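The values are calculated or read from the model by the stated rules, or taken from the named source; none is laboratory data. Since this is a predicted model, take the numbers as computed values, not measurements. Ideal geometry is used to build each Cβ from the backbone, glycine not excepted, and the neighbour counts take in all protein chains shown. Note: accessible area is taken over every heavy atom of the protein model, side chains too, but ligands, DNA and RNA are not part of it. Shrake-Rupley method; radii C 1.70, N 1.55, O 1.52, S 1.80 Å.
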Amino acid sequence: MKQFALSADHIVILILLITLMIKFIFFESKDPLREHIEPETIREIKRGIQRQNTDVEYNRFIETEDSDEQVSDAPRSLPDCLKIYRADETSELTDDEIVMLVDTKHIPAYNLEKAVKNPERGVKIRRKILENNLKKRESLINLPYRNYDYSKVLGACCENVIGYIPVPIGVAGPLLVDDKKYYIPMATTEGCLIASTNRGCRAIEKSGVKSRLISDGMTRAPVVRFPSIVKASDAVTWIKDTDNFAALKLSFDSTSRFAKLQKISTHIAGRYLFIRFVAETGDAMGMNMISKGTECCLHALQRHFPEMEILSLSGNVCTDKKPSAINWLQNRGKSVVCECIISSEVVASVLKTTTKALIDLNISKNMVGSAIAGSIGGFNAHAANIVTAIFIATGQDAAQNISSSNCMTIMEPWGQNGEDLYVSCTMPSIEIGTIGGGTILPAQSACLDMLGVRGPHEDIPGANAKQLARIVCASVVAGEISLMAALASGHLVKSHLKYNRSYSGKSALGLGLSCGSVGSCDR
Ligand code: ADP
(Lines give C-alpha, C1' and ligand atoms only; values in the text may rest on other atoms or scores of the structure.)
Protein backbone atom coordinates (compact mmCIF):
# COMPACT_ATOMS: atom_id res chain seq x y z
CA MET A 1 0.00 0.00 0.00
CA LYS A 2 2.70 2.37 1.12
CA GLN A 3 4.68 1.74 -2.05
CA PHE A 4 1.59 2.36 -4.21
CA ALA A 5 0.91 5.70 -2.44
CA LEU A 6 4.51 6.79 -3.10
CA SER A 7 4.22 5.98 -6.81
CA ALA A 8 1.06 8.09 -7.04
CA ASP A 9 2.98 11.02 -5.54
CA HIS A 10 5.67 10.51 -8.10
CA ILE A 11 3.13 10.48 -10.88
CA VAL A 12 1.62 13.76 -9.66
CA ILE A 13 5.08 15.36 -9.51
CA LEU A 14 5.86 14.01 -12.98
CA ILE A 15 2.65 15.46 -14.41
CA LEU A 16 3.45 18.81 -12.81
CA LEU A 17 6.94 18.80 -14.25
CA ILE A 18 5.68 17.92 -17.73
CA THR A 19 3.07 20.71 -17.53
CA LEU A 20 5.72 23.21 -16.51
CA MET A 21 8.00 22.06 -19.33
CA ILE A 22 5.20 22.41 -21.88
CA LYS A 23 4.43 25.90 -20.57
CA PHE A 24 8.07 26.86 -20.66
CA ILE A 25 8.75 25.49 -24.14
CA PHE A 26 5.54 26.48 -25.90
CA PHE A 27 4.15 29.47 -24.06
CA GLU A 28 7.25 31.26 -22.80
CA SER A 29 8.29 31.98 -26.36
CA LYS A 30 4.97 33.76 -26.88
CA ASP A 31 5.71 36.16 -24.05
CA PRO A 32 4.89 39.57 -25.50
CA LEU A 33 7.94 40.91 -23.73
CA ARG A 34 10.09 38.86 -26.03
CA GLU A 35 8.26 38.86 -29.29
CA HIS A 36 10.05 41.98 -30.52
CA ILE A 37 13.51 40.82 -29.53
CA GLU A 38 15.68 38.61 -31.66
CA PRO A 39 16.79 35.42 -29.83
CA GLU A 40 20.42 36.41 -30.31
CA THR A 41 19.69 39.77 -28.68
CA ILE A 42 18.15 37.99 -25.69
CA ARG A 43 21.20 35.78 -25.40
CA GLU A 44 23.45 38.81 -25.64
CA ILE A 45 21.47 40.66 -22.96
CA LYS A 46 21.53 37.60 -20.71
CA ARG A 47 25.27 37.28 -21.19
CA GLY A 48 25.54 40.97 -20.35
CA ILE A 49 23.57 40.58 -17.15
CA GLN A 50 25.66 37.60 -16.11
CA ARG A 51 28.81 39.49 -16.92
CA GLN A 52 27.59 42.46 -14.97
CA ASN A 53 26.83 40.39 -11.91
CA THR A 54 30.31 39.02 -11.74
CA ASP A 55 32.06 42.02 -13.14
CA VAL A 56 34.81 43.52 -11.08
CA GLU A 57 33.99 46.87 -12.68
CA TYR A 58 30.47 46.63 -11.33
CA ASN A 59 31.48 45.35 -7.95
CA ARG A 60 33.88 48.15 -7.34
CA PHE A 61 30.86 50.47 -7.10
CA ILE A 62 29.27 48.54 -4.32
CA GLU A 63 31.98 46.79 -2.42
CA THR A 64 32.68 47.93 1.08
CA GLU A 65 35.50 45.53 1.78
CA ASP A 66 38.25 47.61 0.33
CA SER A 67 41.01 46.17 -1.70
CA ASP A 68 43.10 49.17 -0.71
CA GLU A 69 42.40 48.68 2.99
CA GLN A 70 45.45 49.73 4.88
CA VAL A 71 47.16 46.85 6.55
CA SER A 72 48.63 48.26 9.70
CA ASP A 73 49.56 47.44 13.23
CA ALA A 74 47.46 48.54 16.16
CA PRO A 75 46.52 52.22 16.08
CA ARG A 76 49.05 54.64 17.43
CA SER A 77 48.27 56.47 20.64
CA LEU A 78 45.87 59.41 20.60
CA PRO A 79 48.59 62.01 21.32
CA ASP A 80 50.70 60.58 18.47
CA CYS A 81 47.76 60.68 16.07
CA LEU A 82 46.86 64.20 17.13
CA LYS A 83 50.43 65.30 16.46
CA ILE A 84 50.27 63.89 12.92
CA TYR A 85 46.82 65.41 12.35
CA ARG A 86 47.92 68.84 13.57
CA ALA A 87 50.98 68.65 11.36
CA ASP A 88 48.48 68.44 8.50
CA GLU A 89 49.57 64.96 7.51
CA THR A 90 46.29 63.06 7.64
CA SER A 91 47.38 60.84 4.75
CA GLU A 92 49.85 59.30 7.21
CA LEU A 93 47.01 58.23 9.51
CA THR A 94 45.09 54.99 9.02
CA ASP A 95 41.32 54.99 8.74
CA ASP A 96 41.06 53.51 12.23
CA GLU A 97 43.21 56.30 13.61
CA ILE A 98 40.99 58.90 11.93
CA VAL A 99 37.95 57.15 13.44
CA MET A 100 39.64 57.46 16.82
CA LEU A 101 40.07 61.21 16.24
CA VAL A 102 36.39 61.49 15.36
CA ASP A 103 35.33 59.43 18.38
CA THR A 104 37.39 61.66 20.65
CA LYS A 105 35.84 64.77 19.04
CA HIS A 106 39.02 66.09 17.50
CA ILE A 107 37.53 65.85 14.02
CA PRO A 108 33.83 66.58 13.54
CA ALA A 109 32.27 63.68 11.62
CA TYR A 110 30.55 66.13 9.25
CA ASN A 111 33.96 67.56 8.34
CA LEU A 112 35.74 64.32 7.44
CA GLU A 113 36.19 65.05 3.75
CA LYS A 114 37.93 68.31 4.53
CA ALA A 115 39.95 66.86 7.39
CA VAL A 116 41.39 64.04 5.29
CA LYS A 117 41.54 66.24 2.16
CA ASN A 118 40.03 63.44 0.11
CA PRO A 119 36.26 63.34 -0.38
CA GLU A 120 36.00 59.63 -1.14
CA ARG A 121 38.16 58.69 1.82
CA GLY A 122 36.08 60.98 4.02
CA VAL A 123 32.91 59.21 2.87
CA LYS A 124 34.52 55.81 3.41
CA ILE A 125 35.54 56.66 6.99
CA ARG A 126 32.08 58.06 7.76
CA ARG A 127 30.61 54.75 6.61
CA LYS A 128 33.02 52.93 8.88
CA ILE A 129 31.87 55.01 11.85
CA LEU A 130 28.24 54.42 10.90
CA GLU A 131 28.80 50.69 10.51
CA ASN A 132 30.30 50.60 14.00
CA ASN A 133 27.03 52.06 15.26
CA LEU A 134 24.64 49.92 13.27
CA LYS A 135 23.11 46.76 14.64
CA LYS A 136 23.73 45.02 11.34
CA ARG A 137 27.20 46.05 10.28
CA GLU A 138 26.69 44.67 6.79
CA SER A 139 23.71 46.96 6.19
CA LEU A 140 25.68 49.28 3.91
CA ILE A 141 27.09 46.56 1.69
CA ASN A 142 24.75 47.36 -1.19
CA LEU A 143 24.93 51.10 -0.80
CA PRO A 144 27.59 52.27 -3.26
CA TYR A 145 30.00 55.10 -2.59
CA ARG A 146 32.95 54.66 -4.88
CA ASN A 147 33.73 56.47 -8.12
CA TYR A 148 31.49 59.43 -7.50
CA ASP A 149 32.52 63.03 -7.91
CA TYR A 150 31.93 64.25 -4.37
CA SER A 151 33.61 67.58 -5.06
CA LYS A 152 30.37 68.65 -6.75
CA VAL A 153 28.25 67.41 -3.85
CA LEU A 154 30.08 68.86 -0.88
CA GLY A 155 28.92 72.26 0.25
CA ALA A 156 26.25 72.23 -2.44
CA CYS A 157 23.96 69.21 -2.57
CA CYS A 158 24.36 66.94 0.44
CA GLU A 159 26.00 66.71 3.86
CA ASN A 160 27.20 63.78 5.98
CA VAL A 161 27.56 61.83 2.76
CA ILE A 162 27.70 58.02 2.97
CA GLY A 163 27.34 57.21 -0.74
CA TYR A 164 24.66 57.55 -3.35
CA ILE A 165 21.41 55.85 -4.29
CA PRO A 166 21.30 54.42 -7.78
CA VAL A 167 17.82 54.95 -9.20
CA PRO A 168 16.99 53.28 -12.49
CA ILE A 169 16.49 55.71 -15.32
CA GLY A 170 14.59 55.07 -18.52
CA VAL A 171 13.64 57.03 -21.58
CA ALA A 172 10.30 57.86 -23.12
CA GLY A 173 9.94 59.23 -26.59
CA PRO A 174 10.53 60.62 -29.02
CA LEU A 175 8.09 63.25 -27.89
CA LEU A 176 7.30 65.86 -30.49
CA VAL A 177 7.07 69.27 -28.80
CA ASP A 178 6.63 72.35 -31.00
CA ASP A 179 7.96 70.36 -33.98
CA LYS A 180 11.10 69.20 -32.17
CA LYS A 181 11.77 65.65 -31.00
CA TYR A 182 12.78 65.04 -27.41
CA TYR A 183 13.81 61.88 -25.59
CA ILE A 184 12.56 62.21 -22.03
CA PRO A 185 14.78 60.89 -19.21
CA MET A 186 12.71 59.54 -16.33
CA ALA A 187 14.15 58.18 -13.08
CA THR A 188 11.69 55.95 -11.31
CA THR A 189 11.15 52.66 -9.54
CA GLU A 190 7.52 52.44 -10.59
CA GLY A 191 7.12 49.77 -13.22
CA CYS A 192 4.86 50.75 -16.14
CA LEU A 193 5.38 54.48 -15.73
CA ILE A 194 7.87 54.89 -18.54
CA ALA A 195 6.19 52.32 -20.77
CA SER A 196 2.95 54.19 -20.31
CA THR A 197 4.46 57.60 -21.00
CA ASN A 198 6.18 56.09 -24.02
CA ARG A 199 2.84 54.94 -25.36
CA GLY A 200 1.46 58.44 -24.83
CA CYS A 201 4.41 59.83 -26.82
CA ARG A 202 3.58 57.41 -29.63
CA ALA A 203 -0.05 58.49 -29.64
CA ILE A 204 1.03 62.08 -30.24
CA GLU A 205 3.92 61.18 -32.52
CA LYS A 206 2.24 62.55 -35.64
CA SER A 207 0.40 65.60 -34.41
CA GLY A 208 2.86 66.61 -31.69
CA VAL A 209 2.28 68.82 -28.68
CA LYS A 210 2.07 72.60 -28.81
CA SER A 211 3.36 74.37 -25.73
CA ARG A 212 3.21 77.93 -24.43
CA LEU A 213 4.83 79.53 -21.42
CA ILE A 214 2.32 81.87 -19.83
CA SER A 215 4.36 83.35 -17.02
CA ASP A 216 7.66 82.93 -15.19
CA GLY A 217 8.14 84.06 -11.61
CA MET A 218 9.58 82.38 -8.53
CA THR A 219 8.11 83.59 -5.26
CA ARG A 220 9.21 84.23 -1.69
CA ALA A 221 6.87 85.63 0.97
CA PRO A 222 8.35 86.67 4.31
CA VAL A 223 6.15 87.20 7.34
CA VAL A 224 6.56 90.46 9.25
CA ARG A 225 4.69 91.86 12.28
CA PHE A 226 3.68 95.40 13.14
CA PRO A 227 2.56 96.86 16.45
CA SER A 228 -0.98 97.32 15.10
CA ILE A 229 -3.21 96.76 12.09
CA VAL A 230 -2.87 100.51 11.43
CA LYS A 231 0.89 100.21 10.93
CA ALA A 232 0.52 96.98 8.97
CA SER A 233 -1.96 98.58 6.56
CA ASP A 234 0.30 101.65 6.23
CA ALA A 235 2.99 99.29 5.00
CA VAL A 236 0.59 97.75 2.47
CA THR A 237 -0.20 101.23 1.10
CA TRP A 238 3.50 102.09 1.00
CA ILE A 239 4.43 98.93 -0.93
CA LYS A 240 1.60 99.48 -3.44
CA ASP A 241 2.90 102.93 -4.37
CA THR A 242 4.58 102.66 -7.79
CA ASP A 243 7.58 104.81 -6.83
CA ASN A 244 8.17 102.74 -3.72
CA PHE A 245 7.87 99.55 -5.74
CA ALA A 246 10.47 100.94 -8.18
CA ALA A 247 12.83 101.62 -5.26
CA LEU A 248 12.32 98.10 -3.90
CA LYS A 249 12.89 96.66 -7.37
CA LEU A 250 16.17 98.53 -7.61
CA SER A 251 17.32 96.96 -4.34
CA PHE A 252 16.06 93.51 -5.33
CA ASP A 253 17.59 93.49 -8.82
CA SER A 254 20.94 94.66 -7.49
CA THR A 255 21.43 91.33 -5.71
CA SER A 256 21.95 89.24 -8.86
CA ARG A 257 22.49 89.63 -12.57
CA PHE A 258 19.54 87.37 -13.18
CA ALA A 259 17.01 88.36 -10.51
CA LYS A 260 14.27 90.59 -11.87
CA LEU A 261 11.50 91.61 -9.52
CA GLN A 262 8.15 91.59 -11.32
CA LYS A 263 5.61 92.30 -8.64
CA ILE A 264 4.84 92.23 -4.94
CA SER A 265 1.52 91.15 -3.51
CA THR A 266 0.58 91.75 0.11
CA HIS A 267 -1.57 89.51 2.31
CA ILE A 268 -2.59 90.92 5.68
CA ALA A 269 -3.78 88.86 8.67
CA GLY A 270 -4.36 91.10 11.70
CA ARG A 271 -1.05 92.81 12.43
CA TYR A 272 0.87 90.17 10.47
CA LEU A 273 1.83 90.95 6.92
CA PHE A 274 2.93 88.47 4.27
CA ILE A 275 4.78 90.12 1.39
CA ARG A 276 4.94 87.87 -1.69
CA PHE A 277 7.84 88.79 -3.99
CA VAL A 278 7.61 87.46 -7.55
CA ALA A 279 10.75 87.47 -9.66
CA GLU A 280 12.35 85.98 -12.75
CA THR A 281 15.50 84.08 -11.87
CA GLY A 282 17.09 83.26 -15.23
CA ASP A 283 17.81 79.57 -15.67
CA ALA A 284 17.95 78.91 -11.93
CA MET A 285 14.92 77.51 -10.12
CA GLY A 286 15.58 80.58 -8.05
CA MET A 287 14.97 79.96 -4.36
CA ASN A 288 18.45 81.11 -3.30
CA MET A 289 18.39 84.03 -5.65
CA ILE A 290 14.95 85.29 -4.66
CA SER A 291 15.71 84.85 -0.97
CA LYS A 292 18.71 87.13 -1.35
CA GLY A 293 16.68 89.79 -3.17
CA THR A 294 13.82 89.53 -0.69
CA GLU A 295 16.13 89.96 2.28
CA CYS A 296 17.60 93.06 0.72
CA CYS A 297 14.09 94.54 0.18
CA LEU A 298 13.06 93.74 3.74
CA HIS A 299 15.96 95.75 5.08
CA ALA A 300 15.00 98.64 2.79
CA LEU A 301 11.42 98.36 4.08
CA GLN A 302 12.58 98.33 7.65
CA ARG A 303 14.25 101.68 7.15
CA HIS A 304 10.77 103.12 6.48
CA PHE A 305 9.04 101.06 9.15
CA PRO A 306 11.52 100.67 12.02
CA GLU A 307 8.82 99.09 14.19
CA MET A 308 8.39 96.25 11.66
CA GLU A 309 9.52 92.93 13.08
CA ILE A 310 10.88 90.41 10.58
CA LEU A 311 9.62 87.03 11.78
CA SER A 312 10.83 84.84 8.95
CA LEU A 313 12.15 85.19 5.45
CA SER A 314 9.66 82.51 4.49
CA GLY A 315 6.15 82.90 5.84
CA ASN A 316 4.58 80.00 3.92
CA VAL A 317 2.61 82.23 1.55
CA CYS A 318 5.44 81.61 -0.95
CA THR A 319 4.39 78.59 -0.92
CA ASP A 320 7.35 76.24 -1.13
CA LYS A 321 7.00 72.44 -0.80
CA LYS A 322 3.56 72.47 0.81
CA PRO A 323 0.17 72.08 -0.79
CA SER A 324 -1.44 75.49 -1.27
CA ALA A 325 -4.13 77.20 -3.26
CA ILE A 326 -2.02 80.29 -3.89
CA ASN A 327 0.39 78.57 -6.28
CA TRP A 328 -2.50 77.00 -8.15
CA LEU A 329 -4.30 80.33 -8.47
CA GLN A 330 -1.44 82.84 -8.71
CA ASN A 331 1.30 80.68 -10.23
CA ARG A 332 4.79 79.91 -9.02
CA GLY A 333 7.84 79.27 -11.17
CA LYS A 334 6.84 78.50 -14.71
CA SER A 335 3.22 78.54 -15.80
CA VAL A 336 2.83 76.36 -18.88
CA VAL A 337 -0.01 75.13 -21.04
CA CYS A 338 0.17 72.36 -23.67
CA GLU A 339 -2.28 70.92 -26.16
CA CYS A 340 -2.48 68.14 -28.73
CA ILE A 341 -4.99 66.57 -31.06
CA ILE A 342 -5.15 62.81 -31.60
CA SER A 343 -7.06 61.30 -34.50
CA SER A 344 -9.78 58.75 -33.79
CA GLU A 345 -7.68 56.11 -35.64
CA VAL A 346 -4.74 56.63 -33.29
CA VAL A 347 -7.05 56.64 -30.27
CA ALA A 348 -8.25 53.23 -31.41
CA SER A 349 -4.98 51.71 -32.60
CA VAL A 350 -2.47 53.03 -30.04
CA LEU A 351 -4.64 53.84 -27.05
CA LYS A 352 -7.10 50.97 -27.57
CA THR A 353 -10.11 53.04 -26.61
CA THR A 354 -12.45 55.70 -28.00
CA THR A 355 -12.55 59.48 -27.78
CA LYS A 356 -16.00 59.29 -26.18
CA ALA A 357 -14.80 56.94 -23.43
CA LEU A 358 -11.77 59.11 -22.69
CA ILE A 359 -13.79 62.32 -22.46
CA ASP A 360 -16.38 60.65 -20.29
CA LEU A 361 -13.69 59.34 -17.95
CA ASN A 362 -11.90 62.69 -17.84
CA ILE A 363 -15.08 64.41 -16.69
CA SER A 364 -16.02 61.80 -14.13
CA LYS A 365 -12.53 61.22 -12.73
CA ASN A 366 -10.42 64.33 -13.24
CA MET A 367 -13.21 66.87 -12.84
CA VAL A 368 -16.00 65.45 -10.70
CA GLY A 369 -13.86 63.04 -8.69
CA SER A 370 -11.23 65.66 -7.91
CA ALA A 371 -13.94 68.21 -7.02
CA ILE A 372 -15.55 65.72 -4.63
CA ALA A 373 -12.15 65.11 -3.08
CA GLY A 374 -11.76 68.87 -2.54
CA SER A 375 -8.62 68.81 -4.62
CA ILE A 376 -6.45 71.85 -5.24
CA GLY A 377 -4.54 71.53 -8.49
CA GLY A 378 -5.21 67.82 -8.72
CA PHE A 379 -7.50 67.80 -11.73
CA ASN A 380 -5.39 65.24 -13.49
CA ALA A 381 -4.68 61.52 -13.48
CA HIS A 382 -1.01 61.35 -12.48
CA ALA A 383 0.93 64.46 -13.46
CA ALA A 384 3.08 63.98 -10.33
CA ASN A 385 4.40 60.69 -11.70
CA ILE A 386 5.90 62.27 -14.78
CA VAL A 387 6.99 65.47 -13.02
CA THR A 388 8.82 63.58 -10.26
CA ALA A 389 10.54 61.13 -12.59
CA ILE A 390 11.88 63.99 -14.73
CA PHE A 391 12.74 66.01 -11.62
CA ILE A 392 14.87 63.19 -10.23
CA ALA A 393 16.55 62.59 -13.58
CA THR A 394 17.40 66.24 -14.16
CA GLY A 395 18.53 67.13 -10.62
CA GLN A 396 15.57 69.25 -9.59
CA ASP A 397 14.54 69.66 -5.98
CA ALA A 398 12.29 66.61 -5.76
CA ALA A 399 10.26 68.07 -2.88
CA GLN A 400 9.04 70.72 -5.28
CA ASN A 401 6.99 68.10 -7.07
CA ILE A 402 4.14 69.22 -4.82
CA SER A 403 3.27 72.46 -6.58
CA SER A 404 5.03 71.52 -9.78
CA SER A 405 2.51 68.72 -10.29
CA ASN A 406 -0.49 71.05 -10.14
CA CYS A 407 -2.29 70.30 -13.37
CA MET A 408 -5.68 70.41 -15.02
CA THR A 409 -6.19 67.93 -17.83
CA ILE A 410 -8.99 68.80 -20.24
CA MET A 411 -10.27 66.46 -22.94
CA GLU A 412 -12.71 67.53 -25.65
CA PRO A 413 -14.16 66.06 -28.84
CA TRP A 414 -12.47 67.40 -31.97
CA GLY A 415 -12.86 67.32 -35.75
CA GLN A 416 -15.93 67.35 -37.96
CA ASN A 417 -17.76 64.51 -36.31
CA GLY A 418 -16.16 64.98 -32.91
CA GLU A 419 -14.39 61.63 -32.99
CA ASP A 420 -10.88 63.00 -32.72
CA LEU A 421 -9.53 63.90 -29.31
CA TYR A 422 -8.31 67.29 -28.07
CA VAL A 423 -6.23 67.21 -24.88
CA SER A 424 -4.73 70.09 -22.93
CA CYS A 425 -2.73 70.21 -19.71
CA THR A 426 -2.44 73.43 -17.73
CA MET A 427 0.37 73.55 -15.19
CA PRO A 428 0.62 76.92 -13.40
CA SER A 429 3.45 76.23 -10.97
CA ILE A 430 6.40 74.27 -12.33
CA GLU A 431 9.39 75.06 -10.08
CA ILE A 432 12.35 74.16 -12.21
CA GLY A 433 15.86 75.18 -13.26
CA THR A 434 18.81 74.09 -15.36
CA ILE A 435 21.53 75.58 -13.17
CA GLY A 436 22.14 75.32 -9.43
CA GLY A 437 21.20 72.59 -6.96
CA GLY A 438 21.34 69.01 -8.21
CA THR A 439 21.47 70.08 -11.87
CA ILE A 440 25.25 70.45 -11.58
CA LEU A 441 25.85 66.77 -10.79
CA PRO A 442 27.31 64.81 -13.72
CA ALA A 443 24.51 62.28 -14.25
CA GLN A 444 21.77 64.87 -13.86
CA SER A 445 23.62 67.23 -16.22
CA ALA A 446 23.76 64.42 -18.75
CA CYS A 447 19.97 64.18 -18.65
CA LEU A 448 19.64 67.93 -19.12
CA ASP A 449 22.04 67.56 -22.03
CA MET A 450 19.80 64.91 -23.59
CA LEU A 451 17.09 67.54 -23.67
CA GLY A 452 19.44 70.26 -24.94
CA VAL A 453 18.88 72.44 -21.87
CA ARG A 454 21.94 71.93 -19.71
CA GLY A 455 23.15 74.88 -17.65
CA PRO A 456 22.58 78.53 -18.42
CA HIS A 457 21.32 79.45 -21.87
CA GLU A 458 24.14 81.04 -23.81
CA ASP A 459 22.22 83.96 -25.28
CA ILE A 460 18.94 84.35 -23.43
CA PRO A 461 19.15 83.81 -19.65
CA GLY A 462 16.17 81.75 -18.60
CA ALA A 463 15.48 80.19 -21.99
CA ASN A 464 16.76 76.74 -20.93
CA ALA A 465 14.67 76.58 -17.76
CA LYS A 466 11.59 77.77 -19.63
CA GLN A 467 12.11 75.13 -22.31
CA LEU A 468 12.53 72.42 -19.68
CA ALA A 469 9.23 73.45 -18.09
CA ARG A 470 7.54 73.15 -21.48
CA ILE A 471 9.04 69.69 -21.98
CA VAL A 472 7.77 68.62 -18.54
CA CYS A 473 4.24 69.79 -19.32
CA ALA A 474 4.30 68.10 -22.75
CA SER A 475 5.49 64.85 -21.13
CA VAL A 476 2.62 65.14 -18.67
CA VAL A 477 0.25 65.31 -21.65
CA ALA A 478 1.72 62.01 -22.91
CA GLY A 479 1.43 60.43 -19.46
CA GLU A 480 -2.13 61.63 -18.96
CA ILE A 481 -3.34 60.31 -22.30
CA SER A 482 -1.87 56.89 -21.73
CA LEU A 483 -3.07 56.31 -18.17
CA MET A 484 -6.53 57.62 -18.98
CA ALA A 485 -6.67 55.26 -21.94
CA ALA A 486 -5.59 52.33 -19.78
CA LEU A 487 -8.30 53.17 -17.27
CA ALA A 488 -10.93 53.72 -19.95
CA SER A 489 -10.21 50.36 -21.52
CA GLY A 490 -9.82 48.57 -18.19
CA HIS A 491 -6.20 47.63 -18.86
CA LEU A 492 -4.61 49.19 -15.83
CA VAL A 493 -4.57 46.30 -13.40
CA LYS A 494 -3.75 43.85 -16.15
CA SER A 495 -0.68 45.76 -17.27
CA HIS A 496 0.50 46.34 -13.73
CA LEU A 497 0.29 42.67 -12.93
CA LYS A 498 2.04 41.85 -16.15
CA TYR A 499 4.93 44.31 -15.85
CA ASN A 500 5.30 45.08 -12.16
CA ARG A 501 5.23 41.54 -10.93
CA SER A 502 7.28 39.87 -13.56
CA TYR A 503 10.73 38.62 -12.83
CA SER A 504 13.35 41.37 -12.67
CA GLY A 505 14.97 42.13 -15.96
CA LYS A 506 12.36 40.34 -18.04
CA SER A 507 9.81 43.15 -17.91
CA ALA A 508 12.40 45.86 -18.19
CA LEU A 509 13.67 44.38 -21.42
CA GLY A 510 10.25 44.22 -22.94
CA LEU A 511 8.88 47.59 -22.00
CA GLY A 512 11.08 49.70 -24.17
CA LEU A 513 10.18 47.68 -27.20
CA SER A 514 6.52 47.08 -26.75
CA CYS A 515 4.07 49.46 -25.15
CA GLY A 516 0.71 47.88 -25.55
CA SER A 517 -2.09 48.52 -23.13
CA VAL A 518 -0.01 49.94 -20.39
CA GLY A 519 -1.01 52.45 -17.82
CA SER A 520 0.91 53.85 -14.94
CA CYS A 521 -0.71 54.12 -11.58
CA ASP A 522 -2.22 57.14 -9.87
CA ARG A 523 -2.16 56.02 -6.28
P1 ADP B 1 18.78 78.85 -6.99
O2 ADP B 1 18.58 80.32 -6.95
O3 ADP B 1 17.90 78.14 -7.93
O4 ADP B 1 18.80 78.23 -5.63
P5 ADP B 1 21.65 78.92 -7.17
O6 ADP B 1 21.74 80.24 -6.51
O7 ADP B 1 22.18 77.74 -6.46
O8 ADP B 1 20.18 78.59 -7.66
O9 ADP B 1 22.33 78.95 -8.61
C10 ADP B 1 22.24 79.99 -9.44
C11 ADP B 1 23.63 80.57 -9.63
O12 ADP B 1 23.96 80.47 -10.99
C13 ADP B 1 23.69 82.03 -9.25
O14 ADP B 1 24.87 82.27 -8.57
C15 ADP B 1 23.72 82.74 -10.61
O16 ADP B 1 24.43 83.95 -10.55
C17 ADP B 1 24.39 81.73 -11.51
N18 ADP B 1 23.96 81.79 -12.93
C19 ADP B 1 24.79 81.76 -14.00
N20 ADP B 1 24.09 81.81 -15.16
C21 ADP B 1 22.80 81.86 -14.82
C22 ADP B 1 21.57 81.91 -15.56
N23 ADP B 1 21.55 81.91 -16.89
N24 ADP B 1 20.43 81.96 -14.86
C25 ADP B 1 20.44 81.93 -13.53
N26 ADP B 1 21.53 81.87 -12.77
C27 ADP B 1 22.72 81.85 -13.40
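The table for this structure:
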item: Residue in the range 215-228 that is more than 13 Å from residue 292 (Cα to Cα), open to solvent by 80 Å² or more (accessible area, probe 1.4 Å), among the β-branched types (Val, Ile, Thr) and away from the ligand (no atom under 16 Å from the Cβ) present; result: no
item: Selection from the range 351-394 of residues that are open to solvent by less than 20 Å² (accessible area, probe 1.4 Å), under 26 Å from the mean Cα position of the chain (by Cα) and β-branched (Val, Ile, Thr); result: 386, 387, 390, 394
item: Any chance residue 409 is closer than 29 Å to residue 341 by Cα and surrounded by fewer than 22 Cβ atoms within 10 Å (Cβ to Cβ); result: no
item: Selection from the range 450-481 of residues that are away from the ligand (no atom under 16 Å from the Cβ) and open to solvent by 10 Å² or more (accessible area, probe 1.4 Å); result: 450, 470
item: Residue 321 closer than 24 Å to residue 397 by Cα, within 16 Å of the ligand (Cβ to nearest atom), among the basic types (Lys, Arg) and touching a residue at least 60 places away in the same chain (Cβ under 8 Å); result: yes
item: Conditions (1) open to solvent by 40 Å² or more (accessible area, probe 1.4 Å); (2) closer than 30 Å to residue 254 by Cβ; (3) away from the ligand (no atom under 16 Å from the Cβ); (4) over 25 Å from the mean Cα position of the chain (by Cα); number of the one not met by residue 295; result: (3)
item: Yes/no for residue 208 being outside the structural domain of residue 445 (by TED's automatic domain parsing) and of a type outside the set (Phe, Trp, Tyr); result: no
item: When residues of the range 324-349 are limited to those that are surrounded by fewer than 21 Cβ atoms within 10 Å (Cβ to Cβ) and among the hydrophobic types (A, V, I, L, M, F, W, C), the one farthest from the chain's Cα centre (by Cα); result: 348
item: Sole residue being more than 16 Å from the ligand (Cβ to nearest atom), in a helix (DSSP H, G or I) and not polar (S, T, N, Q), chosen from 275, 290, 310, 326; result: 326
item: Test: residue in the range 182-202 that is assigned to a loop (DSSP other than H, G, I, E, B), of a type in the set (Asp, Glu) and under 29 Å from residue 438 (Cβ atoms); result: yes
item: Enumerated helices (runs of 4 or more DSSP H) restricted to the range 77-173, each holding at least 2 residues that are surrounded by 15 or more Cβ atoms within 10 Å (Cβ to Cβ) and among the acidic types (Asp, Glu); result: 95-103, 119-133
item: Matching residues in the range 246-260 - criterion: being hydrophobic (A, V, I, L, M, F, W, C) and surrounded by fewer than 16 Cβ atoms within 10 Å (Cβ to Cβ); result: 246, 247, 250
item: Sole residue being within 16 Å of the ligand (Cβ to nearest atom) and either under 18 Å from residue 396 (Cα atoms) or not small (Gly, Ala, Ser) (or both), chosen from 181, 152, 206; result: 152
item: Any hit, the range 421-431, residues being open to solvent by less than 40 Å² (accessible area, probe 1.4 Å), in a loop (DSSP other than H, G, I, E, B) and acidic (Asp, Glu); result: yes
